[in-house]
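In what follows, a structure is listed as structure tokens, so that the remarks can point back to it.
The values are calculated or read from the model by the stated rules, or taken from the named source; none is laboratory data. Since the model is a prediction, treat every value here as computed from it, not as a measurement. Reconstructed Cβ throughout: ideal geometry from the backbone, glycine too, with neighbour counts over all protein chains shown.
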Amino acid sequence: MSSSEYLAFLSMKYEVDADKFYEALISAGKSQKSTCGNLSIECRKEKKDGIVLLITKGPKVVAQFPVSREFLMERTNPIKDARRSSLLTRRGAKENGQLQPLQVKDLRAGMKKINLKAKILEISEPSPVVTRFGNVANVANALISDESGKIKLCLWNEQIGTVSVGDTVEIENASVSTFKGERQLRIGRKGVLRIPRNPVSN
């Protein structure tokens, strides 16, 4: 995992803004110490090609690792880019070589290729909308949840009739966007929404 991917993971885990996090890292490199949200960042050592940063949350050590000067001088925020990267979202936690689904609490706007398992709590009444292509489509919002949180799932046309309140659904290859300041999970043309079949017991 690269520095940008690891720092993106930390920014999501501790719910800090990617831009503020990157600025805090740069500030720590210049003035030895900085803070970002509930994280404290300290430059522990300077090297020829970079610095060693220590990140703590209260008395707890979150991470200590080297960062290159090149990384701290990027024109665009490499942490934000990594958060948006499908590589990060697909990496997930690995067990036996298989990707594990993310949880609702892990989802951030801009993430793509998301796998998620959740329960449907509510489904709004479908309403017609005109798409950017000039077609009329039916759309409904489903409120879904897992043990970590809740998020709205946007359902289009035939997707609406395939699920009901109380269903546990598996979602693959979805993306997260924002609408009126609220996170929304969207399933594109290449995405999958299905209800897993219960195994038949003898």
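Is one or more of the residues making up the range 17-28 under 22 Å from GLN103 (Cα atoms) and surrounded by 13 or more Cβ atoms within 10 Å (Cβ to Cβ)? Working first, answer last.
First, the residues of the range 17-28 that are under 22 Å from GLN103 (Cα atoms): 17-18.
After this cut, where a residue has to be surrounded by 13 or more Cβ atoms within 10 Å (Cβ to Cβ) as well, the list is 17-18.
Yes - at least one qualifying residue is present in the range 17-28.
List every residue pair whose Cβ atoms sit under 8 Å apart, with the two residues 6 or more apart in sequence or on different chains, where the first one lies in the range 107-120 and is closer than 12 Å to ARG194 by Cβ and of a type in the set (Lys, Arg) and the second, anywhere, is assigned to a loop (DSSP other than H, G, I, E, B) and at pLDDT 80 or above.
none
Where in the range 117-202 are there strands (runs of 3 or more DSSP E), lying wholly inside it, with at least 3 residues that are surrounded by fewer than 16 Cβ atoms within 10 Å (Cβ to Cβ) and among the hydroxyl-bearing types (Ser, Thr, Tyr)? Break it down stepwise before answering.
On the way: elements: 127-130, 136-146, 149-156, 168-179, 182-194.
Correct list: 168-179.
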